[in-house]
1. So, in segment 328-356, of the ones that are touching a strand residue (DSSP E or B) at 6+ places or on another chain (Cβ under 6 Å) and farther than 21 Å from residue 406 by Cα, which residue ends up surrounded by the fewest Cβ atoms within 10 Å (Cβ to Cβ)?
2. Residues 26, 43, 17: which one is surrounded by fewer than 19 Cβ atoms within 10 Å (Cβ to Cβ), farther than 25 Å from residue 103 by Cα and modelled with pLDDT of 95 or more?
3. Inspect all residues belonging to segment 312-326 and state whether any of them is over 26 Å from residue 261 (Cβ atoms), modelled with pLDDT under 95 and not assigned by TED's automatic domain parsing to the domain that holds residue 405.
4. Return yes when residue 359 is surrounded by 14 or more Cβ atoms within 10 Å (Cβ to Cβ), part of a loop (DSSP other than H, G, I, E, B), modelled with pLDDT of 95 or more and not assigned by TED's automatic domain parsing to the domain that holds residue 88 and no when it is not.
């Protein structure tokens with residue numbers, strides 16, 4: 001069995017170990033915190049506080065409204081560089097390198113839910129435009145039954161408004177449900193509960209063969225696993241900025257559409273349903289009529305949140321910093337090693353305590369998390385761990401979920417976390433009444 005000394009040796013040999021210094025984890029370490037929830041909220045990059053302060057003190061405080069065009073030359077981050085108005089595209093281009101997209105193909109704006117509303121609307125418009133006759137209309141949106149609820153809510157809302165129908169299937173039945181009625185397959189690349197990861201290229205090809213478009217939600221994969229949207233010939237994608245991209249709570253999200261669909265939008269003059277002023281072709285002409293901006297610019301809606309964008313850029317930069325160390329391939333290798341170790345230790349040390357692995361055992365089929373089910377006390381077990389400083393989270397109805405961010409998660413963190421879990425289960429500590437009090441956020 002792997003020992004604590006073995007884990008220390010793995011950390012000493014870890015090529016990504018220097019990247020942990022990018023994060024402000026010293027105070028958490030001093031308090032004995034083991035953070036295994038980066039798949040819900042990434043850790044704070046060390047550069048973020050100074051960057052946000054510079055936006056407030058220099059760019060807003062001195063540059064004032066001039067900073068929309070050019071940041072003031074005061075010697076701080078981004079001093080004298082492109083102004084605020086360009087940040088959605090600048091950061092979008094950085095994210096593009098992490099998800100297999102090209103320059104000016106990714107735009108940062110709004111939340112994942114809002115971007116999905118816009119992107120799914122585009123997918124529906126493209127699907128309808130490809131219909132040769134009313135009789136051949138494909139009016140179904142197919143998704144996984146356990147997809148993240150907001151994706152299903154958005155899809156259901158749009159389906160009802162546009163004469164589509166949302167159809168749900170179990171993960172293993174997705175391929176069988178691809179038929180002549182399905183116009184759009186909408187999936188989250190890595191399932192938020194189980195950590196199951198779809199094989200993007202294979203599923204996209206199957207959907208296209210069946211005549212459907214594919215919308216991918218990258219919330220639990222961008223920055224954690226290699227993604228190649230164009231290599232997979234995907235159609236549309238959205239993603240989150242505050243999980244593995246470390247952009248901070250409520251960080252803006254991103255949206256992508258394949259250039260072939262963007263070209264159609266440009267030809268057709270298609271406008272996304274949230275046609276805000278900054279998505280206008282010439283927003284500062286202030287004309288009463290709306291003309292959609294060219295390319296992905298049409299997916300911008302309202303004024304970008306500069307403080308959040310500044311924080312997000314710092315977070316994205318922490319992932320890009322891995323490029324000299326092997327980039328996302330090295331991140332993925334360590335992710336597999338961390339999750340393999342966690343699964344093995346839990347199953348060997350907590351055997352007989354009702355914990356059942358729900359994350360795929362095969363590494364190619366899972367993202368950067370490991371989830372276990374506990375039929376009677378999943379919430380209480382998570383709370384008992386949090387009280388000890390081991391931070392994972394609970395997902396209803398019975399899932400203990402642990403995320404592993406290779407940029408800062410260590411092998412010793414895995415060993416110590418499982419040691420705490422073994423003690424919680426062996427002593428029955430999780431049964432204490434104080435751990436049954438439910439907070440609003442789980």
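1. So, considering only residues that are touching a strand residue (DSSP E or B) at 6+ places or on another chain (Cβ under 6 Å) and farther than 21 Å from residue 406 by Cα, the one surrounded by the fewest Cβ atoms within 10 Å (Cβ to Cβ) is 356.
2. It is 17.
3. No, every residue in segment 312-326 fails to be over 26 Å from residue 261 (Cβ atoms), modelled with pLDDT under 95 and not assigned by TED's automatic domain parsing to the domain that holds residue 405.
4. Against the criterion (surrounded by 14 or more Cβ atoms within 10 Å (Cβ to Cβ), part of a loop (DSSP other than H, G, I, E, B), modelled with pLDDT of 95 or more and not assigned by TED's automatic domain parsing to the domain that holds residue 88), residue 359 qualifies.
The values are calculated or read from the model by the stated rules, or taken from the named source; none is laboratory data. Fair warning: this is a prediction, and the values are worked out from it, not measured in the lab. Every residue, glycine among them, receives a Cβ derived from its backbone with ideal geometry; neighbour counts consider all protein chains shown.
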